[in-house]
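Below is one structure; the comments refer to it alone.
We did not get these values from a lab; they are worked out from the coordinates using the rules stated. Just so we're clear, the structure is a prediction, and the values are computed from it rather than from any experiment. Note that we place each Cβ from the backbone using ideal geometry, even for glycine, and neighbour counts take in every protein chain shown.
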Amino acid sequence: MGQKVHPSGFRLGFTKTWNAKWYAGSKNYRELLKEDLTIRKTIRGRLRDAAIARIDIERSTNQVTVTIQTAKPGVVIGKGGAKVEELRQVLGKATAKVVKVNIFEIRYPELDAMLIAENVAQQLERRVSFRKVLKQTVSRSMKAGAKGVRVAVAGRLGGAEMSRREWEREGRVPLHTLRADIEFGRAIAKTTFGTIGVKAWVYRGDIEPAPRQVAQNAPAAAARPASVGPAGPVGAPPAPVAPIAPAGAV
């Protein structure tokens, strides 16, 4: 069997960072993790049509900062900010803490793997041909500036009795290159024939990792003293030699 590695987890600490940034001891770790799952489930349930790509959670002493990256910020904010204020109050009641909600717009949804996978899943639920969906999605992402795209679907495609896996790729998707900026997303299409899984990979170029910083208080290399030989210091130019007078000269 193949050994699969998550593209984002493979690059954590190198070119990718965590979706949740907080630390907890062994006592309250379980409660905080459950809170994170509740926050993500609540946001995606209330904003199902908002094209949410990523939810980042940061924690301080008594505050939770939730950052929502979406392609439709107007749907998340609502008229006059009513929806985002309502969402903030709901999350505050669920966590019993002060919740701050930040919203960032994704300007190019064709280059986000999560949005690509959700878009494919929605079209499959509308009974669009999976081959047509795959080709259109890949070509649209390549035109948007991606260097490589791969989209795979698996399940009872087209209502077939036997489930199978089909995929479409254009460009290159170097999964084993750590410095490669690869976005990965998954979605599920709930059709009348059953569930169809969708996976998407988007390669957007290479990221050079930050150079390692050398400690400033590291002892500097001591200058090596020049060794002195019979003709003077090693590496010094030779001393001038006086000319020898011929025999019999005054």
- Task: Of the options M114, A94, F104, report the single residue whose Cα projects farthest towards the positive end of the charge dipole of the range 94-135 (beta-carbon charges: Lys, Arg +1; Asp, Glu -1).
- Result: M114
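Based on the mean of other Cβ atoms within 10 Å per residue, sort peptides 138-145, 162-169 so the most packed one is first.
Details: 138-145: 15.9, 162-169: 12.8.
The peptides rank, most packed first, as 138-145, 162-169.
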- If every Lys and Arg gets +1 and every Asp and Glu gets -1 at its Cβ, then about the Cα centre the range 7-105 yields a dipole, in debye to the nearest 20, of 180
- Can you pull the one-decimal nm distance between simple spin-label points at Q3 and S60, each 7 Å off the Cα toward Cβ? 4.3
- the range 22-104: C-alpha pair distances exceeding 22 Å, %: 22
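Net charge near A82, counting Lys/Arg +1 and Asp/Glu -1 over other residues with Cβ under 15 Å of its Cβ?
So the environment of A82 carries a net charge of +2.
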- Task: Could you rank the peptides 102-114, 171-183, 12-24 by their average count of other C-beta atoms within 10 Å per residue, with the highest value first?
- Result: 102-114, 171-183, 12-24
- Message: In the range 7-105, if the dipole is taken from +1 on Lys/Arg beta carbons and -1 on Asp/Glu beta carbons about the Cα centre, which of I57, V75, T42 is farthest to the positive end?
- Response: T42
- Can you spot the lysines whose alpha carbon is less than 17 Å from K190's alpha carbon? Ignore those fewer than 8 places along the same chain. K199
- Do any of K27/K93; K16/K93; K100/K147; K21/K83 go past 27 Å between their Cα atoms, and which? K16/K93; K100/K147
- Dimensionless Rg ratio for the range 109-206, taking C-alpha atoms and the 2.2 N^0.38 Å reference: 1.05
- Could you name the aspartates and glutamates whose alpha carbon sits less than 19 Å from that of K132, not counting residues in the same chain fewer than 8 places away? E110, E118, E166, E168, E170
